[in-house]
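Structure first, commentary second.
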Amino acid sequence: MVNKILQSGGSFLMRTQKTILSAAFVIAFTYGLAAILSLVRSRLLAGFFGTDVELAIFYTADKIPSFIYSLLVVGTISTVFIPVFTNIRKQDPVQAWKTASSMINISILVFGFLGILVYLLAPTLINALSLGKFTSDQVMLGANLMRIMIGAQLLLILSSFITSLLQSFKYFILPALAPILYNLGMIGGVMFLTPKYGIYGPAYGVVIGAVLHLGIQIPLARKINFDYKLLLNFKDRGIKEIFSLMPSRIFGSALVQVSTIINNSLAILVSTSSVVIFRFADQLQSFPVNLFGASIALAALPTLSFEADEVDRVNFKKTFLTSFHQMMFLVIPASVILLILRVPLVRLVFGAANFPWEATVKTSYTLAFFSISVLAQSSVYLLTRAFFALKDTATPVKVNVFNMLFSTGLSLFLVRYLGLGIWAVAFSFSMAAWVDMLLLLVLLGRKIGGWEWKALIKPFTKISYSAIFMAIVLYVPLKFLDRLVFDTTRTLPLVILTAMVTLAGIASYLFFTWLFKVEEIELLYKLARRLNLSRQPVVESVPEAIQG
């Protein structure tokens, strides 16, 4: 019996996902678990450190390792490498593995060079990131933390290559579990190492998480006959194609990371505790963005890449619009929940003894300004993937340059010259996200022969009306029950109140989307009716979703 259960579980983990909907469901589910664990980790950090300067130093030290990781992984592996490897594999599987091997080896060499520089220049980097606000002891602490975390990035880069290879074979379940183990490793570091090693505990947890992230994917890598070779062929046609697409994509990823570094430095300008407040608020608002926006965009990329070669682009438009509207249907109510229930959510997630009420208020206020751009941020994920499928990496970069300048300039004006709080940085971020979305939407329409704007906007209007009624249903009971029924100074009543109001809001949203005949509600019916979503091929799922 035990063997059968283990075999069944192993078979499930090794299963491919052949529809966008099933792949998105798998990715969203595991992203959700990883995000919840990430919030648990932040709650533990808040319990140990509160808004102490050590936690601000930890988050600041993480910026450069994350920057390098994003350059190599987000800038190359997750977007440029997958389409090129997939196309070569269709024609010549042996050559595809040679290309993959060369790309892995090149990435290791580049990382090695950058990693050594970071190790040597860590104190200078920390001092620059803190704008000179940290003392000499705090700078050295940040440098030591940065040196520990930079080593973990090598394992994450190797693991991310395996993730991309598995996803190109339409294996999504096991790769999606890797971030969960990564978060578990970091949680273990916080829980068991922090009492002895202090702020070094979370840094050691990053290393543990990276080991687990890589280890869980190795068995499935063997199943796809991962044929690694010690090659370094810069003349490989696949490498040449990747290099031709890389510069603009790497530049775009660099801009995103530079923007996060600038936001971190702006938070330090407000106060060192604002770094923690901004990070916690950003983490909460990123939950629905990653859960729905990133997962649907990632699941749609293989199909969009497959349909990008068609002359009329009809199926490409259908796939994009279907994914866009389904994402919108899920993201908009999530942003409303974040906006209305911001204080209870911050209290439940981060309300440890060391996290004072003033920090809770500031975090919830910052979260409110983040929440207004959840739809825009999610849409940008899908829009950029659509451009990548068309092998256009330059257009998103141009838009990113403009938006980074816009966001940074607005933040500096609000914080430096008007003296506003950390919420102003979140407001600037949100405004830039909306500009980013609208520009990309218009430019993508021009590239694929134009949009039928009525078909694009009509579902948004219906969903928005439903969300407005949902907001009312959330707000009125929240205020009534908070003042007259529940003693929300205690945790259990706060949990009950938040759960009751959230369920009422979701029920009202489903009712009004049904009342307004929002076609995307069929997504939920489809998930309920079909437990096995992988029976139909991916390109056939798109017309079915449109008709539904």
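Bear in mind these aren't lab numbers, they're just calculated from the coordinates by the rules spelled out. All values derive from a computational prediction rather than experimental measurement. Glycine gets a Cβ as well: all are built from the backbone with ideal geometry, and neighbour counts include every protein chain shown.
The listed peptides 120-130, 205-215, ordered by packing as a protection proxy, come out as 205-215, 120-130 (highest mean of other Cβ atoms within 10 Å first). Placing a label point 7 Å from the Cα of ARG446 along the Cα-to-Cβ direction, the residues of region 386-415 with a backbone N closer than 19 Å are 386-404.
Its Cα gyration tensor gives region 222-336 an equivalent ellipsoid, and the semi-axes of that ellipsoid, as √(5λ) in whole Å with the largest first, are 33, 26, 15.
Specify which residue in the list VAL275, LEU321, VAL40 is farthest towards the positive end of the charge dipole of the chain, using unit charges on the beta carbon of Lys, Arg (+1) and Asp, Glu (-1), about the Cα centre. Going by the charge dipole, the pick is LEU321. Working note: Cα gyration tensor of region 33-144, eigenvalues times five, square-rooted, sorted largest first, giving semi-axes of 37, 20, 9 Å. Only Lys, Arg, Asp and Glu carry charge here, each on its Cβ (+1 for the first two, -1 for the last two); on that basis the chain has a dipole of about 680 debye about its Cα centre.
The Rg/Rh ratio for region 333-426 is 1.09, where Rg is the radius of gyration of the alpha carbons and Rh is the Kirkwood radius. Computed from the C-beta positions of LYS229 and ALA394 and an R0 of 22 Å, the FRET efficiency is 0.10 to the nearest 0.05. The translational diffusion coefficient of region 222-276, from Stokes-Einstein at 25 °C and 0.890 mPa s with a Kirkwood hydrodynamic radius over alpha carbon pairs, comes to 164 µm²/s. A cut-off under 14 angstrom between Cβ atoms defines the neighbours of LEU266, and their net charge, with Lys, Arg +1 and Asp, Glu -1, is +3. Expressed in units of 2.2 N^0.38 Å, where N is the residue count, the Cα radius of gyration of region 104-193 is 1.36. Subtracting the Cα-Cα distance of LEU348 and PHE169 from their residue separation scaled by 0.36 nm leaves 60.5 nm. The longest part of the chain holding none of the exposed loop GluC sites (Glu not before Pro), meaning those outside H, G, I, E and B in DSSP with at most 15 other Cβ atoms within 10 Å, is 1-309. Each of TRP453, LEU412, SER428 was scored by the projection of its Cα onto the charge dipole of region 368-462, and the greatest displacement toward the positive side belongs to TRP453; charges sit on the C-beta of Lys, Arg, Asp and Glu. Projecting the Cα atoms of LEU174, PHE226, VAL211 onto the charge dipole of region 158-277, computed from C-beta unit charges around the Cα centre, puts PHE226 farthest toward the positive end. When you count the other C-beta atoms within 10 angstrom of each residue and take the mean per peptide, 392-398, 256-262, 427-433, 475-481 line up highest first as 427-433, 392-398, 256-262, 475-481. Protection proxy ranking, highest mean first, for peptides 264-277, 410-423: 264-277, 410-423, where packing is the per-residue count of other beta-carbon atoms within 10 Å, averaged. Rg over Rh for region 136-287 works out to 1.02, using Cα positions for both radii and the Kirkwood form for Rh.
How many percent of all Cα-Cα pairs in the chain sit more than 45 Å apart? Result for the distance tail: 12 percent.
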